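So the structure is just underneath, and the comments pick up after that.
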Amino acid sequence: MTNYAYLLIAVVLVSIGQILQKLAAGQLNTDSSPAALLVSLARSVWFWLAIFVMGSALLVWLLALATIEVSKAYPVLALSFALTTCLSVVILKERVGAASWFGVFLITVGAAMMLVS
């Protein structure tokens, strides 16, 4: 697998992990005691999936960093902001305004510029 493939897989996993965290958070009763919140999280499939996916993202990220300079890799990780926004619209049915979409565009252009420089 190429070095940049690891980097892009990390971006996808981080984005999926964010969506899973949001799904886990949606099951919480924020009026509960801290102990009840912890029990609620422990029973949440979304929570455990989020931990697994984010842990996997870390491992793939380390594989990417083994061969790519962090000064090039880290800005590309910002693509997870763009992908998470897209996933939040499709999966969570969130509404995103024009200014946010423009930000997604800028992040994408910026990450592309870092890759080619």
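Computed quantities for the displayed model
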{"item": "Identity of the residue in the range 23-47, hydroxyl-bearing (Ser, Thr, Tyr) and surrounded by 14 or more Cβ atoms within 10 Å (Cβ to Cβ), that ends up nearest to LEU115 (Cα to Cα)", "result": "SER44"}
{"item": "Answer from ALA64, ALA78, ALA50 - the residue that is more than 26 Å from MET114 (Cα to Cα) and in contact (Cβ under 8 Å) with a residue 24 or more places away in the chain", "result": "ALA50"}
{"item": "Flag if THR85 is surrounded by 14 or more Cβ atoms within 10 Å (Cβ to Cβ), closer than 20 Å to VAL12 by Cβ and not charged (D, E, K, R)", "result": "yes"}
{"item": "Given (1) assigned to a helix (DSSP H, G or I); (2) hydrophobic (A, V, I, L, M, F, W, C); (3) modelled with pLDDT under 95, index of the condition ALA99 fails", "result": "(3)"}
{"item": "The listed residue being in a helix (DSSP H, G or I), at pLDDT below 95 and surrounded by 15 or more Cβ atoms within 10 Å (Cβ to Cβ), out of ILE107, ILE19", "result": "ILE107"}
{"item": "Selection within the range 26-46 - part of a helix (DSSP H, G or I) and of a type in the set (A, V, I, L, M)", "result": "ALA35, ALA36, LEU37, LEU38, VAL39, LEU41, ALA42, VAL45"}
{"item": "The range 82-91, residues that are closer than 16 Å to GLY26 by Cβ and either outside any helix (DSSP H, G or I) or among the small types (Gly, Ala, Ser) (or both)", "result": "SER88, ILE91"}
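Residues are listed down the side, and each one gets a yes or a no for (1) part of a helix (DSSP H, G or I); (2) among the polar types (S, T, N, Q); (3) surrounded by 14 or more Cβ atoms within 10 Å (Cβ to Cβ):
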position: ALA50; (1), (2), (3): yes, no, yes
position: MET54; (1), (2), (3): yes, no, yes
position: ALA57; (1), (2), (3): yes, no, yes
position: ALA64; (1), (2), (3): yes, no, yes
position: THR67; (1), (2), (3): no, yes, no
position: TYR74; (1), (2), (3): yes, no, yes
position: LYS93; (1), (2), (3): no, no, no
position: GLY103; (1), (2), (3): yes, no, yes
position: MET113; (1), (2), (3): yes, no, no
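The values are calculated or read from the model by the stated rules, or taken from the named source; none is laboratory data. Here the structure is a predicted model, which is why all the values come from computation and not from measurement. Positions of Cβ are generated from backbone atoms using ideal geometry, with glycine treated the same way; all protein chains shown enter the neighbour counts.
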